[in-house]
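Derivation of every value follows stated rules applied to the coordinates shown; laboratory data play no part. A quick note: this is a predicted structure, and the numbers were derived from the prediction, not measured. Using ideal geometry, Cβ is built from the backbone for each residue, glycine included, and neighbour counts are taken over all protein chains shown.
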Amino acid sequence: MHHADQAIPPEVAHFYDVLKRRRDVRAEFTGEPVDPSTVVRLLSAAHAAPSVGLSQPWDFIVVTSDRARREFAQHVQRERDVFAATLGDDEARRFETIKIDGVLEASLSIVVTYDADRGAPHVLGRHAIADTGLYSTCLAIENLWLACTLEGWGLGWVSFYRESFLRDLLAIPSSVRPVAWLCVGPVTYLQSVPDLERHGWRRRRELTESLHVDQWLGTGSDALLVPDGPKFGGSVAPAG
């Protein structure tokens, strides 16, 4: 840790700690019943996310039905088998050890959807990049994820499913896109190392591997990470 970090106020340091503790949870859910008021508080955090043109294109389906969760879990297992069939022997053996969902173990599930028609046709800021609405929905998910972490809950994003199956399962309108099935609830603990790192599936990249300055091949990116290094940025006068 750089010595400059010592000057961070405690409340700011706590926020960064929440960011670092966040995990994609699979196996640690307790499954205990939860207070609806806590769920509403978490969803209020998600609903406070920024959105392009203030379109707020998300909706939240709270899934408590045992039947729906069992049917979805069975579908996830079938899709796991589809993915496993594409792997080589070494990857397949490694994948066998990885748990991919907590649909049946979590206290509840929340499905987040995206409605491209919300605020249309004139969504301010979306005319050049259509996906900004989808990005906004993902920001709501991140808000929810961080709020769960702060509350001592876990959240696991399940992506082994076909959108058409989920749309039919929950009677989602054809114009609305299901973006995420999220397993949510209290956990025994949060892993200190992400599951895929622990199982040797993928390593985490260092910031220096993802950092560029001015252009993709820009050099000098390490200077951004040096304490008391050069100052960057500032206002730019209009060209004239």
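A few points about this structure:
- Shape of region 127-224, Cα gyration tensor, a/c cut at 1.5: oblate
- Calculated FRET efficiency, HIS122 to ALA13, Cβ-Cβ distance, R0 = 41 Å: about 0.45 to the nearest 0.05.
- Relative to the longest principal axis of the Cα atoms of the chain, the long axis of helix 36-47 makes an angle of roughly 40 degrees.
- With contacts taken as Cα pairs under 8 Å and at least 6 residues apart, the chain reaches a relative contact order of 30 percent.
- Base-10 log of normalised Debye intensity for region 1-110 (one unit scatterer per alpha-carbon) at q = 0.09, 0.11, 0.16 Å⁻¹: -0.43, -0.62, -1.03
- The Cα center of region 104-155 and the Cα center of region 160-178 differ in position by 15 Å.
- Gain in span if fully extended, ILE61 to GLU32, counting 0.36 nm per residue against the direct Cα distance: 8.5 nm
- Cβ-Cβ FRET estimate between LEU190 and LEU217, R0 fixed at 51 Å, reported to 0.05: 0.85
- For the chain, the longest principal axis of the alpha carbon atoms and the long axis of helix 66-84 meet at an angle near 70°.
- Placing a pseudo-label 7 Å from each Cα along the Cα-to-Cβ vector at CYS138 and GLN77 gives an inter-label distance of 3.1 nm.
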